[in-house]
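A.B. asks: Okay, here's the structure, questions in a sec.
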Amino acid sequence: MLLILVLLGAILIPFFVWGRRFDAALSLDGARQWMEGFGVWAWVGGILLLMSDIVLPVPSTVVMSAIGWVYGWLVGGLVCAAGSMLSGIVAYALCHWLGRGAAAWIAGEKGLQKVEALFDRHGGWLVALSRWTPVLPEAVACLAGIARMSWRVFLPSLACGSIPLGFAFAAIGHLGQSEPIWAIALSAITPVFLWLLASRLVRRPGEALTSCQGG
């Protein structure tokens with residue numbers, strides 16, 4: 001619990017300090033103008049904004065809507081999904097290779113064992129469903145890295161959450177935010193069905209299907 005609180009604190013502090021400034025600067029129109037400053041590489045600017053959400057209070061869903069505004073729901077959805085996935089991969093990799101020592105110091109070895117057991121049983125669900133929640137995507141990806149969650153489980157579950165989210169909010173931007181409730185509902189429900197399917201395809205050597213274990 002202490003480890004989780006420390007991670008959430010590290011993520012929330014920038015929101016309290018700079019959150020209003022980022023919200024004002026990265027409104028739907030502001031994010032679109034910022035990306036268009038990159039010219040033909042506007043999609044790179046969008047991905048960088050989504051990746052910076054790991055350490056900065058970037059309103060990622062607003063950025064995704066702006067990407068959809070610029071590129072449409074199809075290309076924009078691909079860009080948004082890529083940005084969300086890269087953000088999760090970077091957070092996972094940094095904590096996987098660099099964060100375990102600090103985590104052991106905070107939580108102790110028994111605490112780490114509990115985190116590992118949690119992600120061994122439910123990691124797939126946690127990663128997939130966390131992508132459409134505020135704050136939790138970064139924290140869950142970091143915990144997955146600290147717990148040394150298998151890449152072959154982490155990546156599919158990350159995709160199950162990031163892809164529907166990216167396309168949903170790109171569609172919001174493309175449609176001028178006319179149907180946000182439907183888009184948010186679909187982005188929340190779709191990861192469940194995608195992970196149910198993906199978890200049946202992700203096997204560990206010598207073990208049964210992971211669908212009942214959630215990763």
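The values are calculated or read from the model by the stated rules, or taken from the named source; none is laboratory data. Owing to the predicted nature of the structure, the values given are computational and were not obtained by experimental measurement. Cβ placement follows ideal geometry from the backbone for every residue including glycine, while neighbour counts extend to all protein chains displayed.
A.B. asks: Taking the condition of a type in the set (D, E, K, R), out of contact with any helix residue (DSSP H, G or I) (no Cβ under 6 Å at 6 or more places or on another chain) and in a helix (DSSP H, G or I), does R152 pass?
C.D. replies: For R152, the condition - of a type in the set (D, E, K, R), out of contact with any helix residue (DSSP H, G or I) (no Cβ under 6 Å at 6 or more places or on another chain) and in a helix (DSSP H, G or I) - is met.
A.B. asks: Then there is this: Looking at (1) surrounded by fewer than 19 Cβ atoms within 10 Å (Cβ to Cβ); (2) more than 16 Å from G145 (Cβ to Cβ), which is the one condition that is false for I67?
C.D. replies: Of the numbered conditions (1) surrounded by fewer than 19 Cβ atoms within 10 Å (Cβ to Cβ); (2) more than 16 Å from G145 (Cβ to Cβ), the odd one out for I67 is (1).
A.B. asks: Report yes if E109 is charged (D, E, K, R), surrounded by 15 or more Cβ atoms within 10 Å (Cβ to Cβ) and either at pLDDT below 90 or not in a helix (DSSP H, G or I) (or both), otherwise no.
C.D. replies: So E109 fails the test.
A.B. asks: I need the full set of residues from region 121-143 which are of a type in the set (V, I, T) and part of a helix (DSSP H, G or I), in order please.
C.D. replies: V127, V140
A.B. asks: Right, next: Any residue in region 64-79 that is at pLDDT 90 or above sitting within a Cβ distance under 6 Å of a residue that is surrounded by fewer than 21 Cβ atoms within 10 Å (Cβ to Cβ)? List the pairs, counting only those 6 or more apart or interchain.
C.D. replies: V79/W43
A.B. asks: Right, here's the next one. Among the listed residues V79, V75, V63, V70, identify the single one that is among the β-branched types (V, I, T), over 17 Å from L165 (Cβ atoms) and in a helix (DSSP H, G or I). Even if it seems obvious, please write down each step before you answer.
C.D. replies: Values: V79 fails: over 17 Å from L165 (Cβ atoms); V75 fails: over 17 Å from L165 (Cβ atoms); V63 fails: over 17 Å from L165 (Cβ atoms).
Just one listed residue meets the conditions, V70.
A.B. asks: Residues to consider are L3, L7; find the one that is touching a Cys at 6+ places or on another chain (Cβ under 6 Å), at pLDDT below 85 and not small (G, A, S).
C.D. replies: L7
A.B. asks: Additional query: Quick one: how many residues across region 151-166 are in contact (Cβ under 8 Å) with a residue 60 or more places away in the chain and surrounded by fewer than 24 Cβ atoms within 10 Å (Cβ to Cβ)?
C.D. replies: 3
A.B. asks: On the given criteria, is G101 in a helix (DSSP H, G or I), free of Cβ contacts under 8 Å to residues at least 24 places away in the same chain and over 22 Å from L197 (Cα atoms)?
C.D. replies: When the stated conditions are applied, G101 passes them.
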